[in-house]
Each structure stands twice: as structure tokens, then as C-alpha cells.
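Peer 1: Here it is, the structure, as C-alpha cells.
The values are calculated or read from the model by the stated rules, or taken from the named source; none is laboratory data. No experiment lies behind these values; they were computed from the predicted model shown. In this analysis, Cβ positions are derived from the backbone assuming ideal geometry, glycine residues included, and neighbour counts consider all displayed protein chains. Please note that ligands, DNA and RNA were not included when accessible areas were found on the heavy atoms of the full protein model with its side chains. Shrake-Rupley method; radii C 1.70, N 1.55, O 1.52, S 1.80 Å.
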Amino acid sequence: MPVRDYSAFASRTLDDATIPELPSHYRGKVRDNYDLPDGRRIIIASDRLSAFDRILCVVPFKGQLLTQTARFWFEETADICANHVLDYPDPNVLVCRRLDILPVEIVVRAYLAGTTDTSILKRYKAGQRTMYGMTLPDGMRDHQRLAAPVLTPTSKEFDGGHDEPLTPAEILERGLLTAAQWDELSATALALFARGQKLAEERGLILADTKYEFGVDRDGRIVLADEIHTPDSSRYWRQASYEARFEAGERPDSFDKDFIRSWVAARCDPYKDAIPAIPQDLILGTTATYVEAFETITGRTFVPDLDGATVLERIRARLAPMFQAG
């Protein structure tokens, strides 16, 4: 059954997805990963919300919502780029092919926006005009549309370090990617973004920017990994109110984790200071925003999976057949 009041589920969150029976556990900022000997990887999406290279809070149903939103987009873009998906044994769980993840994240941006140190808006407001191997004109306003989508790649830090901006020349000079890999990733990222923008527009949304991660499979083929076009990896705005809010100098009506990110950034230096306690109503409002984003993007009604006494118990039961595989 659909749920609209999330206050009763404030404590039904997946903060830690440690399962000792599964091998090769790696805990990322948001996902817990397990590598099986047969080359499969189990990725469990927790409810942790990450920004500024740290965990801010846990949000009820976030892991399920993001996994199912990504599932929709993987299916909608399979004709553009191969992806790592094999199976979904649980709404929070993806079983996929293990890849060698490339050390560069590809961020595509269509608007002057963002709150993190790698965002073009923050750098622009600090006086920078040349960044990521491109030059932006003077006189641009917050959240203004760019002349065309741009690529703003960053380093992919695997051990909790800060992602750093890169230019295409730096990527090649450091040997992070070959020229052929960079050309393929650039073209693929722009094609994926164009598909995302088109479908979002049909749903009354603006896909302002997004992040892609790619890996290489055993055959040397570049494959789309991680997630795609979710509210965690992307910035969505409501199309109907964008122009009026832009003309008024107001922040666009957002469909993503900017909701909490902006609240935190307004109260501290999130890269250095302790994170203030985030109000419960803000956290539950974020759940509602993720639900609305999922339903708007996919055209489907969100039905939370409430099996099991806890989210982790439910996931353990569904992954039990894989314990021997580990």
C-alpha cells in the first residue's frame, strides 16, 4: 500500500548493512559492497545521506527509492550504454558484474548551480571563470542555464578523500584515462544526459546536472556503474516554477538532496565543522521529496517494502541463498 505519512517509519532506516556471511565487505559513503568469488558484486543501498564527502544523516526509505529510481534509468538507457546490472533480489539490493572502476567521475552540467567545492557556481562566485578546461563568461547569475551542457570531471577518491576538479588535459597527462577512453566517456555521458533531460522534461522536471561513474569489465568494455539520474547523483528542479524563481533571484524548487545540503551549508563549513543536528521534520521532508521524485520520474507509485522486523533483517533473508556463494 502507498504510504504518505512517514513519521511512523522514522526509525525504520538502514544505517549499516554489514552482513558477516558475505565476503570482501567494502563500505562506501552510501552503499555497502560485497564481492563474490564468481565475479558478481552485491551492492546494498543504505539510507545514509552523503554530501561534502561525509555522512549527514539517514533518511527513511532512501535506499529503496534510489535503487528503484536507478533501476528505471538503467532500463531506459540500456540502448546507449551497457550497464553492470544482473539482478535485484531486494528493493535495496543490486547484484551486478564486478568492474574495475575508472578513477574519474564525469559530471555533466547544464546550469550554473551547486553548493560543493567542486560545483561551478561556488567557483564562479569566488571569481573563477576558467575551470575544468573551459571558460565561462562574466555576468552570469545563480542557476542560469549554460549555452550547452558541459563536462566537469573530478577525481574518483576511493578511500574517503575529497574529489578534485580535473581538466581533460590533466586526465590524460596523469594517465587516469587513455585518450580513447576519455573520448568514449565524454560522448556517452553527454548522450545519457540528453536522454535524461528529455525524459525529465516530459515529466515536468529539469535535469540540471548529474554524475556518472564508469568501469571496465573483463573484456575491456566500458560499462556504466554505480547509479544513474537519481536524486543523489543528480540535481532536479521543477520546471513550472523555474523561470519565475530565477527572475526573482530565488533558488529553484528542488527535487534532490540539495534540500539538506543547503540547510547544512547555511549553518557551518561542512568540510571542517561538526554537522549540526538535522531536524526530524527536514529528514522526513526529504523522504517525501525522494518519493515525489521517484513517482514523477518513473510514473509509478512508491510502495515501501515493510517485510521483516528491520530493513537489514529483510535483506539478510533475501540474500541468504548467496551466503554459500561467498
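Peer 1: Give the residue list of chymotrypsin sites (Phe, Trp or Tyr not before Pro) in the range 63-165 that are DSSP loop and have at most 15 other beta-carbon atoms within 10 angstrom.
Peer 2: In loop regions of the range 63-165 (DSSP not H, G, I, E or B), the sparsely surrounded chymotrypsin sites (Phe, Trp or Tyr not before Pro) are F158.
Peer 1: Two decimals is fine: what is log10 I(q)/I(0) at q = 0.20 Å⁻¹ for the range 1-114, from a Debye sum with one equal scatterer on every Cα and no solvent?
Peer 2: -1.31
Peer 1: Here's something else I'd like to know. Using +1 on the beta carbon of Lys and Arg, -1 on that of Asp and Glu, and nothing else charged, what's the dipole of the chain about the Cα centre, debye to 20?
Peer 2: Values: 40 positive and 50 negative charges, 72 e Å.
About 340 debye.
Peer 1: Per residue, what volume in Å³ does the Cα convex hull of the range 53-187 take up? Numbers along the way, then the final one.
Peer 2: Values: hull volume 20.9 nm³, N = 135.
Normalising the Cα hull of the range 53-187 by residue number yields 155 Å³.
Peer 1: Can you count the Lys pairs in the chain with C-alpha separation below 14 Å, eight or more apart or on different chains?
Peer 2: Here the count comes out as 5.
Peer 1: Are there chymotrypsin sites (Phe, Trp or Tyr not before Pro) in the range 261-326 that DSSP marks as loop and that have at most 16 other Cβ atoms within 10 Å, and which are they?
Peer 2: Y271, F323
Peer 1: Once you've got the GNM for the chain with C-alpha springs shorter than 10 Å, pick whichever of L86, L190, L224 has the biggest mean-square fluctuation.
Peer 2: Top of the fluctuation ranking is L86.
Peer 1: I would also like to ask the following. Could you tell me the center-to-center distance, by alpha carbons, between the range 292-326 and the range 106-121 in angstrom?
Peer 2: Distance between centres, Cα-based: 32 Å.
Peer 1: Using +1 on the beta carbon of Lys and Arg, -1 on that of Asp and Glu, and nothing else charged, what's the dipole of the range 136-288 about the Cα centre, debye to 20?
Peer 2: Charge dipole, the range 136-288, about its Cα centre: 340 debye, nearest 20.
Peer 1: With an 8 Å cut-off on Cα pairs and a minimum separation of 6 or more residues, tell me the relative contact order of the range 13-114 in percent.
Peer 2: Relative contact order of the range 13-114: 23 percent.
Peer 1: Leaving out ligands and nucleic acids, note down the accessible area per residue over the chain with a 1.4 angstrom probe, in whole Å².
Peer 2: Ligands and nucleic acids excluded, the figure is 43 Å² per residue.
Peer 1: May I ask you to derive the relative contact order of the range 171-315, considering only C-alpha pairs under 8 Å and at least 6 residues apart, and to give it as an integer percent? Let's see the in-between values first.
Peer 2: On the way: 129 pairs, mean separation 21.6, N = 145.
Relative contact order here is 15 percent.
Peer 1: Hey, another quick one. With point charges of +1 on the Cβ of Lys and Arg and -1 on the Cβ of Asp and Glu, referenced to the Cα centre of the range 158-210, which listed residue (A189, T167, L177) lies farthest in the positive direction of the dipole?
Peer 2: Toward the positive end, the furthest listed residue is A189.
Peer 1: Roughly to the nearest percent, how much of the accessible area of the chain is carbon and sulfur, given a 1.4 Å probe?
Peer 2: Whole-percent figure for carbon plus sulfur exposure: 50.
Peer 1: Quick one: plug the Kirkwood hydrodynamic radius of the range 78-123 (C-alpha pairs) into Stokes-Einstein at 37 °C, 0.692 mPa s, and report D in µm²/s.
Peer 2: Calculated translational D: 234 µm²/s.
Peer 1: Also: For the range 229-326, what relative contact order do you get, as a whole percent, if you take Cα pairs closer than 8 Å and at least 6 residues apart?
Peer 2: On the way: 57 pairs, mean separation 19.0, N = 98.
Reported as a whole number, the value is 19 percent.
Peer 1: Identify the GluC sites (Glu not before Pro) of the range 245-299 meeting these criteria: DSSP loop state and at most 13 other C-beta atoms within 10 Å of the C-beta. Present the calculation step by step, with values, prior to reporting the outcome.
Peer 2: Numbers: sites: E247, E250, E292, E295; in loops: E250.
Those satisfying the criteria are E250.
Peer 1: With charges only on Cβ, +1 for K and R and -1 for D and E, what is the dipole size of the range 274-326 about its Cα centre, in debye, rounded to 20? Walk me through the intermediate numbers first.
Peer 2: On the way: 4 positive and 6 negative charges, 50 e Å.
Computed about the Cα centre, the dipole is about 240 debye.
Peer 1: For the chain, go through all pairs of different Cα atoms, get the mean of 1/r, take its inverse, and jot down that Kirkwood value in Å.
Peer 2: 20.5 Å
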